[in-house]
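See below for the structure under consideration.
Every number in this text was worked out from the coordinates using simple rules, so none of it is lab data. Since the model is a prediction, treat every value here as computed from it, not as a measurement. Every residue, glycine as well, gets a Cβ built from its backbone with ideal geometry; the counts of neighbours run over all protein chains shown.
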Amino acid sequence: MPSNQSAPPKNQRSILLVPIIFAIVVCAGAAYLYTQSGGRIPAAVKNMPNPVATSSDAVGAGMMIYMDHCQNCHGENGDGKGKKAAELSIAPADFTDASRMGRQTDGELFWQITRGHLPMPAFKDKLTDEECWQVVTFIRTFANKPGAGAPGNH
């Protein structure tokens, strides 16, 4: 005896595939745009000065925040070799690379911390602006250490 439940006709299956394919394309496009947006830092942000004066208090506060939120990926020494670095699709930034750090403004670092860039999360909802600037102040100390960025010191 034939079953009353049969597969939908071919044209109905095709109609069902259209929204599924559309959703996949939209999600893939959104993911691509998100990953590409990190490189487009507004000029006004690039030129923003760090409002946090470099002091032992600011560096200490930035260090504490770094230890809580950044160290697992960027490493204890800021070399991008933290405990979770190997699990990431993109290697974390190496803050001991004096040449690279010298090309980045404080405003760019602030933008990257607040906005994130895959696989790094955004911290704008986790940290205040002042805390983000304190982290910028602290991570600058990695490239200023004697021997930072030299071969064999990472």
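Here are a few things to note about the model shown:
- Answer residue from the stretch 40-52, given it is farther than 15 Å from residue 132 by Cβ and surrounded by fewer than 13 Cβ atoms within 10 Å (Cβ to Cβ) and is nearest to the chain's Cα centre (by Cα) among those: 40
- Conditions (1) of a type outside the set (Lys, Arg); (2) closer than 14 Å to residue 141 by Cα; (3) without any contact (Cβ under 8 Å) to a residue 40 or more places away in the chain; (4) in a helix (DSSP H, G or I); number of the one not met by residue 68: (2)
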